[in-house]
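*Asks:* Below are the structure tokens for one structure; questions will follow.
The values are calculated or read from the model by the stated rules, or taken from the named source; none is laboratory data. The structure displayed is predicted, hence computed values, not measured ones. Virtual Cβ from ideal backbone geometry, glycine too; neighbours counted across all protein chains shown. Side chains are part of the model used for accessible areas, which takes the heavy atoms of the whole protein and leaves out ligands, DNA and RNA. Shrake-Rupley method; radii C 1.70, N 1.55, O 1.52, S 1.80 Å.
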Amino acid sequence: MPSAFSPARTVVFRLHWALGLTAGLVLALMGLTGALMSYEEAITAFANRDRIQVSVAQDRPPLTPSALAARIEAQLPGQRVSALTLSGDPAQSAVARFARDRAGGRPSPVYADPTEETVHGPVRLEAFFATVRDLHRWLLLPGEGKGWGRTITGACAIALLVFLGSGLYLRWPGRHRWRVWLRPNLARPGRARWWSLHAVAGTWLLPVYAVSALSGLWWSYDWYRAGATWLLTGQALPARAAERAPGGKPPDSKIPDAASAIDTAWAEFSATHTASLATLSLPGPEAAAIRIRWYAPDSNLRNEATYDARTGAGLTDKRAADAALGPRLADNMLEVHRGRFFGAPVALLFCLAALALPGFFATGLTLYLLRRRTGQRRVPGRASRPAEASVQG
């Protein structure tokens with residue numbers, strides 16, 4: 001193990017605190033927004049509890065997706081339904097999402113009774129969480145996913161990996177017992193107490209932050225996503241326009257009624273799948289496939305089925321339970337990032353770890369300020385050493 005006074009250790013230490021004073025602030029913000037997003041569905045459901053429930057009548061069967069979309073559009077002129085989220089519980093409202101308008105904006109989604117044409121109202125907190133997501137992903141900077149914000153958050157995810165590696169290197173146990181290495185000593189005064197809290201908490205949460213950073217890079221860099229997809233699935237990243245027909249035109253100029261194809265696809269899906277929640281994407285005129293993403297009861301893993309946009313006949317049926325671990329990770333990277341892939345207790349741990357990121361920035365800043373104060377009081381000419389070396393023993 002290198003000496004506490006070795007040049008390599010000093011360089012790593014300075015890199016650690018330099019990144020902490022810069023990327024650490026962005027990571028603290030990403031942690032707060034990420035913790036909010038971890039339970040977005042639960043918070044949104046609570047805020048809209050009066051609009052989610054619908055009265056169930058035996059003489060009112062659910063409308064077909066095309067009929068439901070048409071009635072919603074009739075009540076909201078100028079808006080086109082692009083997706084319907086339908087619950088397996090008949091007492092819950094459907095959620096309709098809309099295509100972007102001519103100005104590029106997207107109207108707020110609405111709740112609607114799936115058995116009649118009643119629109120219950122827009123989804124409360126949708127605008128709030130849209131802002132939270134944009135803040136988390138690209139810091140609300142211009143350009144959204146194609147601007148500098150995405151580059152900055154991606155660089156900060158890499159910085160988090162550097163934090164983990166450098167922090168582990170700086171406090172790798174040599175002569176210390178593992179119990180001392182893994183248990184904070186809050187009885188020590190001054191910098192030693194703050195360092196113990198900062199370092200021990202970081203050690204315990206290291207696996208969580210490693211998974212969060214590695215999965216977060218999935219949305220930051222296309223080259224990373226392509227490489228990760230190849231490693232996990234052995235296949236190249238699918239083209240973004242995979243659902244469109246070649247040349248951007250319908251595959252057949254004589255396309256049957258789109259509403260009929262959508263309803264046929266939904267009827268086939270309902271007869272062969274048991275879903276707690278399903279999102280049906282209503283295809284545009286140039287689409288070649290109808291996509292349904294769904295969740296099985298008591299599962300957080302996403303499944304996907306596709307149907308021919310002309311006839312409604314089944315094309316593919318990807319189920320997470322039947323896939324190998326690699327493809328399952330690739331298809332559910334958002335759930336991996338939020339910890340839900342590993343179960344509810346781990347998801348809570350991921351949320352708490354995200355909330356702890358501002359604490360790491362605060363304790364790191366405190367250590368930096370205390371170190372500078374101590375350095376100013378030193379006798380001139382006396383050699384200095386990293387604060388980590390002075391408090392780890």
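Here's the yes/no breakdown for (1) open to solvent by 70 Å² or more (accessible area, probe 1.4 Å); (2) within 19 Å of GLU41 (Cα to Cα):
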{"site": "PRO285", "(1), (2)": "yes, no"}
{"site": "ALA288", "(1), (2)": "no, no"}
{"site": "SER299", "(1), (2)": "no, yes"}
{"site": "ASN303", "(1), (2)": "no, yes"}
{"site": "GLU335", "(1), (2)": "no, yes"}
{"site": "ARG338", "(1), (2)": "no, yes"}
{"site": "ALA354", "(1), (2)": "no, yes"}
{"site": "PRO358", "(1), (2)": "no, no"}
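*Asks:* Quick check: is even one residue across segment 332-355 touching a strand residue (DSSP E or B) at 6+ places or on another chain (Cβ under 6 Å), farther than 30 Å from PRO189 by Cβ and not aromatic (Phe, Trp, Tyr)?
*Replies:* Looking for residues that are touching a strand residue (DSSP E or B) at 6+ places or on another chain (Cβ under 6 Å), farther than 30 Å from PRO189 by Cβ and not aromatic (Phe, Trp, Tyr), one finds at least one in segment 332-355, hence yes.
*Asks:* Here's a follow-up. When you go through (1) under 26 Å from ALA159 (Cβ atoms); (2) at pLDDT below 90; (3) in contact with a Phe, Trp or Tyr (Cβ under 8 Å, 6 or more places away or on another chain) one by one for GLY24, which number turns out not to apply?
*Replies:* (2)
*Asks:* Turning to a different aspect of this structure: So which residues in segment 118-137 are open to solvent by 40 Å² or more (accessible area, probe 1.4 Å), touching a Lys or Arg at 6+ places or on another chain (Cβ under 8 Å) and farther than 13 Å from ILE43 by Cβ?
*Replies:* HIS120, ARG137
*Asks:* If you check every pair at least six apart or on different chains, which have Cβ atoms under 9 Å apart with a residue in segment 183-199 that is within 20 Å of LEU164 (Cα to Cα) first and a residue that is aromatic (Phe, Trp, Tyr) second?
*Replies:* Note: pairs meeting the criteria are HIS198/PHE360; ALA199/TRP181.
*Asks:* Would you check which residues across segment 78-131 are on the phi > 0 side of the Ramachandran plot and either in contact with a Gly (Cβ under 8 Å, 6 or more places away or on another chain) or not hydrophobic (A, V, I, L, M, F, W, C) (or both) and list them?
*Replies:* Residues satisfying the conditions are GLY78, GLY104, GLY121.
For every residue, the table says whether it meets (1) closer than 30 Å to GLU335 by Cβ; (2) at pLDDT below 80; (3) open to solvent by 50 Å² or more (accessible area, probe 1.4 Å).
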residue	(1), (2), (3)
TRP172	no, yes, yes
HIS176	no, yes, no
TRP181	no, yes, no
TRP195	no, no, no
HIS198	yes, no, no
ALA241	yes, yes, yes
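*Asks:* Pairs only if they're at least six apart or on different chains, beta carbon under 8 angstrom, first in segment 148-166 and surrounded by fewer than 16 Cβ atoms within 10 Å (Cβ to Cβ), second of a type in the set (S, T, N, Q) and at pLDDT below 95; list them, first residue then second.
*Replies:* Listed by first residue and then by second, the contacts come to THR151/SER220.
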